[in-house]
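Peer 1: Handing you a structure now.
The values are calculated or read from the model by the stated rules, or taken from the named source; none is laboratory data. Just so it is clear, the structure is predicted and the values come from calculations on it, not from any experiment. Glycine gets a Cβ as well: all are built from the backbone with ideal geometry, and neighbour counts include every protein chain shown.
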Amino acid sequence: MSTHLSPWPYPRWIAHRGAGRLAPENTLAAFRLGLRNGWRMAECDVQLSADGVPFLLHDATLTRTTNVAETALSPALHNDPIAGHHPWDTLAQLDAGGWHSAAYAGEALPTLADVAGLCLAQALHLNIEIKPSPGTDQDTGRIVAEHAARLWAQAPLPPLLTSFSPEALAAAQAAAPHLPRGLLLDAWWPGWLETAHTLGCCALVAHHPLWNATTVAAARTAGLHPLTYTVNDAAIAQTLFALGVVAVITDQVAQPPA
């Protein structure tokens, strides 16, 4: 255990899913909008296609954020909307923007490589949430980490890998141990601290109601940078910063971060 933490190397404000709710989440359009609004770090969700391509999508299914219900691309998509059950060539043809607004109709699902290209060109830092489809935790953690290590090999600061899945983080740790990792928590479940240490985590990313003076101190004493999600109230964010939280994930990205 250590009471000393090295300085947090990333920005303290992180744009949720690219640009919050102002553009279709987890698309290049969302990342570009966040950049135009002055944001220097973004968060995204990455899962695997059936043929092992890491791509951006939050939900396990395609129903909410693509046109899978209307498309005539494949009968299989209508019968099985789970994204990870389909090859990338099929997923790449979906409209991932029209659900948000007509202005973004035709926006495609991006691969992790697509996002890496934008981030590296624009000096945008990235928090990759590893988001396995059911039953794919180890494969997703391993492949996402392998791709991230290769794509950011020459970057001065690599992406932060986070996940709610200890299995996915363990696979990422084995595949690319040099990449920083953070354990995501929506509750203080038994063994969370031991798990974070076993996984070699540098950060703990907890739902904002979980943080108070005691829990922030516990995380910092354990050598873990405390981060939080998803905070859309400025007063709550400032309270959390005052407690010692180092970064906040937010949907409120219309203005440059404070």
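Peer 1: Being surrounded by 11 or more Cβ atoms within 10 Å (Cβ to Cβ) and in a loop (DSSP other than H, G, I, E, B) is the filter here, so list the residues in segment 173-185 that pass it. Can you show your working first?
Peer 2: Within segment 173-185, the subset surrounded by 11 or more Cβ atoms within 10 Å (Cβ to Cβ) is 173-177, 179-185.
Matches in segment 173-185: A176, P177, L179, P180.
Peer 1: I need every pair where a residue in segment 74-85 that is at negative phi and buried (at least 17 other Cβ atoms within 10 Å of the Cβ) has its Cβ under 9 Å from the Cβ of a residue that is outside any strand (DSSP E or B) and of a type in the set (F, W, Y), sequence separation at least 6 or different chains.
Peer 2: Filtered contacts from segment 74-85: no entries.
Peer 1: Answer yes or no as to whether P226 is over 24 Å from L48 (Cβ atoms), more than 19 Å from the chain's Cα centre (by Cα) and not basic (K, R).
Peer 2: Working: over 24 Å from L48 (Cβ atoms): yes; more than 19 Å from the chain's Cα centre (by Cα): no; not basic (K, R): yes.
When the stated conditions are applied, P226 does not pass them.
Peer 1: Further question on the same structure: Go through segment 25-48 and give me each residue that's surrounded by fewer than 18 Cβ atoms within 10 Å (Cβ to Cβ) and part of a helix (DSSP H, G or I).
Peer 2: Those that are surrounded by fewer than 18 Cβ atoms within 10 Å (Cβ to Cβ) and part of a helix (DSSP H, G or I): R32, R36.
Peer 1: Considering only segment 229-236, I want to know if a residue exists there that is under 24 Å from D114 (Cβ atoms) and under 16 Å from the mean Cα position of the chain (by Cα). Let's see the steps before the verdict.
Peer 2: We begin by selecting, within segment 229-236, every residue under 24 Å from D114 (Cβ atoms); these are 229-230.
Now narrow it down to the ones that are under 16 Å from the mean Cα position of the chain (by Cα): 229-230.
Taking every residue of segment 229-236 in turn, at least one turns out to be under 24 Å from D114 (Cβ atoms) and under 16 Å from the mean Cα position of the chain (by Cα).
Peer 1: In the set P81, P134, which member is touching a strand residue (DSSP E or B) at 6+ places or on another chain (Cβ under 6 Å), modelled with pLDDT under 95 and of a type outside the set (K, R)? Show your work before the answer.
Peer 2: On the way: P134 fails: touching a strand residue (DSSP E or B) at 6+ places or on another chain (Cβ under 6 Å).
Just a single option satisfies the conditions, and that option is P81.
Peer 1: Among the residues of segment 1-24, how many are assigned to a loop (DSSP other than H, G, I, E, B) and either at pLDDT 95 or above or buried (at least 21 other Cβ atoms within 10 Å of the Cβ) (or both)?
Peer 2: To start, the set of residues in segment 1-24 that are assigned to a loop (DSSP other than H, G, I, E, B) comprises 1, 3-12, 16-24.
Checking the rest, the ones that are also either at pLDDT 95 or above or buried (at least 21 other Cβ atoms within 10 Å of the Cβ) (or both) come to 7-12, 16-20, 22-24.
Count: 14.
Peer 1: Okay, moving on. Under 30 Å from A155 (Cβ atoms) and touching a Leu at 6+ places or on another chain (Cβ under 7 Å): which single residue out of L62, L48, L118, L126 fits that description?
Peer 2: L118
Peer 1: Of all residues in segment 242-258, which are of a type in the set (A, V, I, L, M, F, W, C), surrounded by fewer than 17 Cβ atoms within 10 Å (Cβ to Cβ) and touching a residue at least 60 places away in the same chain (Cβ under 8 Å)?
Peer 2: A254, A258
Peer 1: For segment 49-71, does any single residue satisfy the condition of being crowded, with 23+ Cβ neighbours inside 10 Å, at pLDDT below 95 and closer than 30 Å to A219 by Cα?
Peer 2: no
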